[in-house]
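What follows draws every value from the coordinates through simple rules; no lab data is involved. No experiment lies behind these values; they were computed from the predicted model shown. Cβ atoms come from the backbone with ideal geometry, glycine included; neighbour counts cover every protein chain shown.
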Amino acid sequence: MQKELLSLSSTNTETFRDALRKVVGMVSIVATGQGASRRGLTVTAANSLTVEPPMVVMCINRSADAHDTILSTGCFSWNVLSTDHIEIARRFAGMDGRKGESKFSAHEWTELVTRSPVLIDSLCSFDCHVETASQTGTHTIITGAVVAQTVSQDVAPLIYAHGRFGTIDYNVE
């Protein structure tokens, strides 16, 4: 297999985006707000940060409609999706044209401590208070202090790579 070598000076947005499509990402929904003010988006840039204290980190595009709501409410949920959630992942990514609160229809949601929307049948969900928010480029890096969590059955996680949703066989040693 031949690799194309690009120097940093020749990397542009499109070639960088193409390279990132090869990086496997766990698919999640970040949600915030209440009632008609609920907002959410599909993300692959979210992860655990520390265990002591329990914290998570994610990168949210500043143009996402959930961005400002996360910062104004000071809380959010991070809902990790399974292979059963391809439809909802597409919906919250805006692939079906829905916006705002309408993305939340057709799936069951609950609230935990912060009252952020939590997807009932997610692989696991973390209810968080915003700890820090730092703007970098087009995104805001948000850390969240976990105040509650849910864990579901052990099913295959939904991943995204090469522009497609998929899964992994995590039973391979």
Worksheet item: What spacing in nm lies between the two simple spin-label points modelled at Glu111 and Val51, each 7 Å away from Cα in the Cβ direction?
Response: 3.3 nm
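Once fully extended, how much extra length lies between Lys99 and Thr13, figured as 0.36 nm per residue of separation less the alpha-carbon to alpha-carbon distance?
Difference between extended and current length: 28.4 nm.
Which chymotrypsin sites (Phe, Trp or Tyr not before Pro) does segment 86-173 hold that lie in a coil by DSSP with at most 12 other beta carbons within 10 Å? Before the final figure, lay out each step's value.
On the way: sites: Phe92, Phe104, Trp109, Phe126, Tyr160, Phe165, Tyr170; in loops: Tyr170.
Of the chymotrypsin sites (Phe, Trp or Tyr not before Pro), the ones in loops of segment 86-173 whose Cβ has at most 12 other Cβ atoms within 10 Å are Tyr170.
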Worksheet entry | Cα-based convex hull, segment 95-144, per residue volume (Å³, whole number) | 126 Å³
Discussion item. Contact order normalised by length for segment 46-173, with contacts defined as Cα pairs under 8 Å and 6 or more residues apart; what percent is it?
Written reply: 29 percent
Worksheet, complete the sentence: Honestly segment 67-106 on the Cα gyration tensor test (a ≥ b ≥ c root eigenvalues; a/c under 1.5 rounded, otherwise a/b vs b/c for prolate or oblate) is just oblate
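If each residue of separation counts as 0.36 nm, what is the full-extension length gain between Ala161 and His129 once their alpha-carbon separation is subtracted?
Details: separation 32, 0.36 × 32 = 11.52 nm, distance 2.94 nm.
Extending this stretch completely gives an extra 8.6 nm.
Could you compute the longest span of the chain free of trypsin sites (Lys or Arg not before Pro) located in DSSP loops and having at most 10 other Cβ atoms within 10 Å, not counting the site residues? Don't skip to the answer; put the middle values down first.
Details: sites that count: Lys3, Lys22, Lys99.
So the longest stretch without any such site is 23-98.
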Worksheet entry | Whole-angstrom gap from segment 41-66 to segment 79-142, using each part's C-alpha centre | 10 Å
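What does the convex hull of the alpha-carbon atoms of segment 123-173 project to on average, in nm²? If you can, show how the numbers build up before the last one.
Values: hull surface 23.3 nm².
Directional mean of the projected Cα hull area for segment 123-173 stands at 5.8 nm².
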Worksheet item: Based on the alpha carbon coordinates of the chain, what radius of gyration and maximum Cα-Cα distance (Dmax) apply, in Å?
Response: 16.5, 52
Discussion item. I want the local charge near Gln149. Using Cβ-Cβ distances under 14 Å, sum +1 for each Lys or Arg and -1 for each Asp or Glu among the other residues.
Written reply: -2
Worksheet item: Under 5 Å between amide H atoms, partner at least 5 residues away or on a different chain: which partners does Met55 have, H built in plane at 1.01 Å?
Response: Leu49, Thr50, Val146
Worksheet item: On average, how much area does the Cα convex hull of segment 84-173 cover when viewed from any direction, in nm²?
Response: 8.0 nm²
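Below 14 angstrom from the Cβ of Val43, what's the summed charge of the other residues (Lys, Arg +1; Asp, Glu -1)? Walk me through the intermediate numbers first.
Working: positive: Arg39, Arg62, Arg90, Arg91, Lys103; negative: Asp65.
Summing Lys and Arg as +1 and Asp and Glu as -1 gives +4.
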